[in-house]
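The values are calculated or read from the model by the stated rules, or taken from the named source; none is laboratory data. Source: prediction; values computed, not measured. Because the Cβ atoms are built from the backbone with ideal geometry, glycine has one as well, and the counts that use them run over all protein chains shown. Remember, those area values only see protein heavy atoms, side chains included, never the ligands or the DNA or RNA. Shrake-Rupley method; radii C 1.70, N 1.55, O 1.52, S 1.80 Å.
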Amino acid sequence: MAGIDTLLRGSTAAIALFIASAGGSGAQDRPTANLYGMTGLIDMPSGEMQPDGELNFTLSRSGATTRTTLAFQIAPRLQGSFRYTGTRGLGIGGFAPTATYYDRSFDLRYQVLTEGLYWPAVTVGLQDFAGTGNFAAEYIAATKTFGSRVKVTGGLGWGRLGSYNSIGSPLGVRPAAKTATGGNFNANQWFRGPAAPFGGIEWQVNDRLGLKVEYSSDAYTLEQTQGVINRRSPLNFGAEYQIAEGIRLGAYYMYGSELGITAQIALNPKKRAAKGIYGPAGIPIQTRPDRRSNPDDWSPDWVQQADAAQTLRDNLARQLATDDLVLESLSLSSTQAELRVRNPRYDAGPQAIGRAARALAATMPASVEIFDIVPVVNGIPAAKIRLRRSDLESLEHAPDNANALRARAQVLDAGRLPRNALMGEQLYPKFSWSIRPYTRFSFFDPAAPLRADAGLRFTGSYDLARGVVLSGSVTAKVAGNLDQYNKASNSVLPHVRTDGYLYDRTDIGLENLTLAWYSRPGPNLYGRVTAGYLERMYGGVSGELLWKPVDSRLALGVEVNYVKQ
């Protein structure tokens, strides 16, 4: 559920500590996608793989065919996709010749050999391996990079990719597909029947512009029979332009008769789309006076003053407020300060920690050397980041200071709230709210492959006490056509999401309304219990327990839910 996920993001963000601001980056050096939405040239595949965890959305149009593909790099060597293809004028499967024929398909590809100094990357792939068979193909593709800008691909294809200028059937005759409606794997067809070579060259002219030329082994037999395409040549030509990080546009001249275009969007959880908050930099690290020349400034006697801790807390709270951070608690000794801080602004947790460290350096007496910073999420503490103040001072202007400081930082369990902690003022109860636009989509209905609603989402959260949160959201539709879907299901199976269209028939709808309790049952443990209207369609009770050691990439969790529609 969102609560523990948010907490985990805060904890792991702290582990990835950056005190200095992150710099911008140029275009992502990632392999390009073909018109099928998989890693490749124009129509043909290549032997490359996308970065691990990459999520690609591709929309392409070539002649009368439109392909919408969602591809995911499941593992470093394994990529999969789901595709929705619409071809106007393909009069098969009960579709009129003047209608658009829609087809769903799945792909899988596995890289058996990664590229080395003397050998290419080699990938084996299945295209439309569980669909109707209209776009089914198998292939072996190899790609070698020459220099930093030229890639050469060659391969051998079967099925559709073996339909033009084949070299024979090295693995035997290809049997007919078992069904014309999809759903079967037809594994007995794989790598059987005529095989044909394909290949191409990709030249990355500069960081943004790329040119492609390929020799295609797809004869487009079905489309030519139906008069959808007039294939005059096996050569395809294309130009692609990287307009921004993860966004690529392409234009193509295909088969001597068709024009094509594509838009590709790539996302990766390992590559942040935004580099935190843009705006004024944090205040500089305040360097302490020289200890030998100013021994009185380093005296720990300030701890004996009755109101010293409260004054320091108030000064620190005001400094944190300039960066929209909230002081939850502050505990002090003559050499150490522990700050528990709430971050309602920065989506990059390390950025908030960096601002908090700078605030401590600006307000704490010179004798305080150790800074412990604990992010507080939903009222409970995440991991504790321990920094030495002298490291902050010495690395302020050092090259690559973020990584240098991370190497010296310690990540510890937050533990219990210190007994001498001074709490922040007016923390609970606290109400927050927001209004923002929303969109909701429905895909792959044969009568309308894409439906959508757009409107406003009203979100509110009321922190009743530490770790106790009442929250909810309401949507108000402004425009859309999701309510036009009216195909009730007659399935005898439980309707888990089948009745979702019923919830689209109201212009104003309650999305969720819950009461949640977040807790720390023990070291490295995080807990949540939530009751109410948990999500659209379902209400009930949900519980979750997460074991997350500090400074570790490993976490294990269990979640139990009882819900009713």
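Quick notes on this one:
- Around the Cα centre of segment 187-234, unit charges on the Cβ atoms of Lys, Arg, Asp and Glu (plus for the first two, minus for the last two) sum to a dipole of about 120 debye.
- Computed magnitude of the charge dipole of segment 416-565 (debye, nearest 20; Cβ of K, R +1, Cβ of D, E -1): 380
- Sparse-neighbourhood loop sites, chymotrypsin sites (Phe, Trp or Tyr not before Pro) in segment 264-361 - DSSP loop, at most 14 other Cβ within 10 angstrom: 278
- About its Cα centre, the dipole of the chain is roughly 620 debye, where the only charges are +1 on Lys and Arg Cβ and -1 on Asp and Glu Cβ.
- Convex hull of Cα atoms in the chain, direction-averaged projection (nm²): 31.2
- Dipole of segment 446-565, positive end: most advanced residue of 545, 502, 531 [Cβ charges, Cα centre]: 545
- Shape metrics for segment 451-565, restricted to C-alpha atoms - Rg then Dmax, Å: 18.0, 52
- Net charge in the neighbourhood of residue 374 (other residues with Cβ under 12 Å of its Cβ; Lys, Arg +1, Asp, Glu -1) is +2.
- Projected over every direction and averaged, the convex hull enclosing the alpha-carbon atoms of segment 391-501 yields 15.2 nm².
- To put it simply, the accessible area of the chain at a 1.4 Å probe is 58 percent carbon and sulfur.
- Intensity falloff of segment 60-159 expressed as log10 I(q)/I(0), Debye formula with alpha-carbon point scatterers, at q = 0.15 Å⁻¹: -0.73
- GluC sites (Glu not before Pro) within segment 333-433: DSSP coil, no more than 14 neighbouring Cβ in 10 Å: 425
- Within segment 370-414, trypsin sites (Lys or Arg not before Pro) in DSSP loop having at most 13 other beta-carbon neighbours inside 10 Å: none
- Excluding ligands, DNA and RNA, the accessible surface per residue across the chain is 49 Å² with a 1.4 Å probe.
- Sequence-distant residues sharing a close amide H with residue 377 (under 5 Å, placed H): 382
- Projecting the Cα atoms of 226, 343, 475 onto the charge dipole of the chain, computed from C-beta unit charges around the Cα centre, puts 226 farthest toward the positive end.
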